[in-house]
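Below you'll find the structure, written out as C-alpha cells, and then a few comments.
The values are calculated or read from the model by the stated rules, or taken from the named source; none is laboratory data. In this text the structure is predicted, and so the values were computed from the model without any measurement. Methodologically, a virtual Cβ is constructed for each residue, glycine included, from the backbone with ideal geometry; neighbour enumeration extends over all protein chains shown.
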Amino acid sequence: MASGDLGWDSVSSWSTGLTKEHFDGEAPPSRGDSSHSSVISGLQEIDDKLRELDSENRKSKAFVDGWGERMQETSVLLKQVREPGARGSYLKDSEKAEMYRLHKQNPEVYTVERLAKDFRIMRQRVHAILWLKELEEEEEKRLGHPLDDSVELLLDTCPEFFNSHDREFHVASLAYKPDFKVMPEGWDGTTKDLDEVHYEISQKEDEMLYQEFVQRMNFNKKKMAGEVKCHKYSRRRPSEGWNFTVEKLGPRGKRGGGGGWKFISLPDGSSRPLNEMEKMYVKRETPRRRRKILP
C-alpha cells in the first residue's frame, strides 16, 4: 500500500455487529443474553425459596409460641373430663346485665336453672348476680343517675389480670380406698363405676349446698329490708302479751321429722299456723345432720 493510499476503498474485516434488523427495531438476541437470563431466573428461584422458608419459619414460630396456650386449653378440657360438670366462665358486666334483663322480662322462661345452664355458671352465682343487679337498679333510681362502673370496665377490659373460677360446679372430695366385696357364687350382677358414684354424690352435695345458700340469702334479704330485728328494744314484752311457738309431739312421741309440727300460741289462748318468716326461722334452727361439705 502506498503511503498516500489510506485504504478507504478496501473491504474491512471489522464490523460493528449492527444489521438491518437493528435499524428495523428487530434486533436478534446476542450470545450473552441467554446466559444472562439463566442467571436472573436462578436468582429469582433462590429468592422465592428464601421467601417460602421465611414464611414457614414465621408459621413455626407462631406454633411454638402458642404451645403454652394450647396446653392450658387442653388442661381445662381434661379437667372437665375428670371432674363432673367442671366449667370455667368469666362473665362480663354486660353479660350480667343481660342475665338480669332476661330474668326480669320473663322469669317463667328464664329461670335460675336455665340461666345457670346457658351462662355455664352455678345456680348460687345466678342468685347473687340477680340480687346485685336488683340492688344496683334500686340505688340508681334513688340517686337519679347511673352508678360508677369503672371497676366493672377494668374487669371487662383486662380479664387476664384476674383469676376466674374454674370449678363452677361442685365436685365432692372423697377419700378413695380399696373396697373389696365377696360376691355370692353365681352372682352375675353389675357394679357402678367409681366415676359414676362420684358424680351422683357430687350432685347430691351440690343440691344441699344450693338449698342452704338460698335459705341464707333469703334471710339476708330480710335483714337488709329491716324485717329481722335483733336489737334489745325489739325483745321487750308487747302490751298484748307474748306469742309462743309450740311444738306438738307426733303419734309416737317424736319431734320434728318424727311426726310433730309447730304452731303459734297467741296471748288470748287461740293458735295459728306459722307464717313465712317463722317457717324461715324454724328451718334455720333445724340442725343439719351431715358431714362437713368442702365447697
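Remark: pairs (first residue in region 127-145, acidic (D, E); second residue not in a helix (DSSP H, G or I); Cβ separation under 8 Å; 6+ apart in sequence or on different chains) = E136/L147; E139/L147; E140/P146; E140/L147. Residue pairs whose Cβ atoms lie under 7 Å apart, sitting 6 or more positions apart in sequence or on different chains, and linking a residue in region 268-282 that is surrounded by fewer than 12 Cβ atoms within 10 Å (Cβ to Cβ) to a partner that is at pLDDT below 85 and part of a helix (DSSP H, G or I), do not occur here. Take the conditions (1) more than 29 Å from M224 (Cα to Cα); (2) at pLDDT 80 or above; E185 misses just one of them, which is (2). Among the residues of region 208-245, those that are aliphatic (A, V, I, L, M) and either in a loop (DSSP other than H, G, I, E, B) or at pLDDT 85 or above (or both) comprise M208, L209, V214, M217, A225, V228. In region 188-203, of all residues being closer than 23 Å to R123 by Cα and of a type in the set (V, I, T), the one that is modelled with the highest pLDDT corresponds to I201.
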